[in-house]
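Heads up, the thing below is written out as structure tokens.
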Amino acid sequence: MMRDYRGHRDEVQGSPHFFLPDGLDVHNPGIGLRWEGDPGAGYPVVEDDDPGAYDALARRALG
């Protein structure tokens, strides 16, 4: 997966990526991460995970 990402990193911001009707776009909702090693050459380390972020996005989309 990372080898494929490195080959296309100029084209892809990441997944999941949500786009809401009001123009908001959110990459990796509820996830905070950092890179171990050089960006794009190392690997991501998840530091925060907020499952409530999805509920907040759903409420905003319906709102």
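Just so it is clear, none of the values below were taken in a lab; they were calculated from the coordinates. Fair warning: this is a prediction, and the values are worked out from it, not measured in the lab. Positions of Cβ are generated from backbone atoms using ideal geometry, with glycine treated the same way; all protein chains shown enter the neighbour counts.
Laid out as a table, the results:
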item: Ile31-Ala56 pseudo-label distance in nm [points 7 Å out on the Cα-to-Cβ vector]; result: 1.7
item: Gain on full stretching of the segment that runs from Val46 to Arg3 - 0.36 nm per residue minus C-alpha separation; result: 13.6 nm
